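The values are calculated or read from the model by the stated rules, or taken from the named source; none is laboratory data. These figures come from a predicted structure and were not determined experimentally. In this analysis, Cβ positions are derived from the backbone assuming ideal geometry, glycine residues included, and neighbour counts consider all displayed protein chains.
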Amino acid sequence: MTNLDGKVALITGAARGMGESHARHFVASGAKVVLGDVLDEPGRAVADSLGEHAYYVHLDVTSEAAWDAAVAVAISRFGRLDVLVNNAGVQPISPMADTSADDFRHCLDINTVGQFIGIKAVTAAMTEAGGGSIVNISSTNGFVGAPGMSAYTASKFAIRGLTRCAALELGHAGIRVNSVHPGGVDTAMTRDPEWEGQDQSAFFATLPVPRIGQPADISRMVAWLASDESAYASGAEFLVDGGLLAGRY
């Protein structure tokens, strides 16, 4: 298991799904973790189950004040901040013709603008700590489009550019910035009723790694990028998709 001893991480969208998996994996790897989410009851329950090395904060990623408060909690409770995992996101499904401009903006506000605000919010604390690692969660839809997912796809493409710009601007402060691009992962989001009627198991059986991804598959990559083992990786994009984008067989 990746060694995260001594690291302090802030993980967004940590009340369930991949974010919860990241939090559990980080604590098991030796890190202290601040879990941020808007789902307060499940978020607190996850943090409580992890013991003294985890703490929950209410964090609306579209709010600069909420970000500043979360960073302050990390420092006051654990003394420093070394890692940010920008994991919070939404995945609306709607044809473009049925998607309002407000709905489109809402998706970008959470998925992309939220990450931008987060990067800004942690920069001073990470610089003070001597550097750090920012891991932005994108998607395979940051590389390819999908019908009915224009807002989501646009938000995930944008994360790639945001990541590269942040890596260039923050590198001399010792802060590395990378993006992770999961394929299909078995979470509540992919089990949403909007996906009913689609035979996902048959699709995933066609992949080079013939199964749907599990949250732990992504957490292991995120933990590696958070660790000193990835010290020369920055501004890069890491696919964890079972070979989905390798090509057609």
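Would you pick out the residues in segment 204-229 that are of a type in the set (S, T, N, Q) and not in a helix (DSSP H, G or I)? Reasoning before the result, please.
Residues of segment 204-229 of a type in the set (S, T, N, Q): 206, 214, 219, 227.
Selection gives Thr206, Gln214, Ser227.
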> Checking His25 against (1) more than 14 Å from Ala226 (Cα to Cα); (2) crowded, with 18+ Cβ neighbours inside 10 Å, which test does it fail?
Replying inline: (1)
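A quick yes/no check of all residues on (1) under 17 Å from Gly132 (Cβ atoms); (2) modelled with pLDDT under 90; (3) surrounded by 21 or more Cβ atoms within 10 Å (Cβ to Cβ):
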residue	(1), (2), (3)
Ala158	no, no, no
Ile218	no, no, yes
Ser230	yes, no, no
Ala233	yes, no, no
Tyr249	no, yes, no
>> I'd like to verify a number: residues in segment 114-137 that are part of a helix (DSSP H, G or I) and closer than 20 Å to Val240 by Cβ, how many?
In response: 1
>> Anything in segment 16-52 that is out of contact with any strand residue (DSSP E or B) (no Cβ under 6 Å at 6 or more places or on another chain) and of a type in the set (D, E, K, R)? List them, or say none.
In response: Arg16, Glu20, Arg24, Asp37, Glu41, Asp48, Glu52
> Is segment 39-55 home to any residue that is touching a His at 6+ places or on another chain (Cβ under 8 Å) and either assigned to a loop (DSSP other than H, G, I, E, B) or charged (D, E, K, R) (or both)?
Replying inline: yes
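Taking the options Glu64, Glu52, name whichever one is free of Cβ contacts under 8 Å to residues at least 60 places away in the same chain and either in contact with a Gly (Cβ under 8 Å, 6 or more places away or on another chain) or closer than 24 Å to Ser227 by Cβ (or both).
Details: Glu64 fails: either in contact with a Gly (Cβ under 8 Å, 6 or more places away or on another chain) or closer than 24 Å to Ser227 by Cβ (or both).
Residue meeting the stated conditions: Glu52.
Looking at segment 163-173, can you tell me whether even one residue there is without any contact (Cβ under 8 Å) to a residue 12 or more places away in the chain and either closer than 19 Å to Gly13 by Cα or outside any helix (DSSP H, G or I) (or both)? Steps first, please.
First, the residues of segment 163-173 that are without any contact (Cβ under 8 Å) to a residue 12 or more places away in the chain: 165, 169, 172.
Right, trim to either closer than 19 Å to Gly13 by Cα or outside any helix (DSSP H, G or I) (or both) and you get none.
Among the residues of segment 163-173, not one is without any contact (Cβ under 8 Å) to a residue 12 or more places away in the chain and either closer than 19 Å to Gly13 by Cα or outside any helix (DSSP H, G or I) (or both), which makes the answer no.
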> Is it true that some residue in segment 49-67 is in contact with a Ser or Thr (Cβ under 6 Å, 6 or more places away or on another chain) and farther than 22 Å from Ser219 by Cβ?
Replying inline: no
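Residues are listed down the side, and each one gets a yes or a no for (1) touching an Asp or Glu at 6+ places or on another chain (Cβ under 6 Å); (2) crowded, with 17+ Cβ neighbours inside 10 Å; (3) among the hydroxyl-bearing types (Ser, Thr, Tyr); (4) at positive phi:
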{"residue": "Ala9", "(1), (2), (3), (4)": "no, yes, no, no"}
{"residue": "Thr12", "(1), (2), (3), (4)": "no, yes, yes, no"}
{"residue": "Ser21", "(1), (2), (3), (4)": "no, yes, yes, no"}
{"residue": "Ser29", "(1), (2), (3), (4)": "no, yes, yes, no"}
{"residue": "Ala47", "(1), (2), (3), (4)": "no, yes, no, no"}
{"residue": "Gly51", "(1), (2), (3), (4)": "no, no, no, yes"}
{"residue": "Tyr56", "(1), (2), (3), (4)": "no, yes, yes, no"}
> Which residues, counting only those in segment 121-142, are more than 20 Å from Ala233 (Cα to Cα) and not polar (S, T, N, Q)?
Replying inline: Ala121, Ala124, Ala125, Glu128
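This table checks each residue for (1) touching a strand residue (DSSP E or B) at 6+ places or on another chain (Cβ under 6 Å); (2) assigned to a loop (DSSP other than H, G, I, E, B); (3) surrounded by 15 or more Cβ atoms within 10 Å (Cβ to Cβ).
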{"residue": "Val61", "(1), (2), (3)": "yes, yes, yes"}
{"residue": "Trp67", "(1), (2), (3)": "no, no, yes"}
{"residue": "Val73", "(1), (2), (3)": "yes, no, yes"}
{"residue": "Ser76", "(1), (2), (3)": "no, no, no"}
{"residue": "Arg80", "(1), (2), (3)": "yes, yes, yes"}
{"residue": "Val85", "(1), (2), (3)": "yes, no, yes"}
{"residue": "Gln91", "(1), (2), (3)": "no, yes, yes"}
{"residue": "Leu108", "(1), (2), (3)": "no, no, yes"}
{"residue": "Thr112", "(1), (2), (3)": "no, no, yes"}
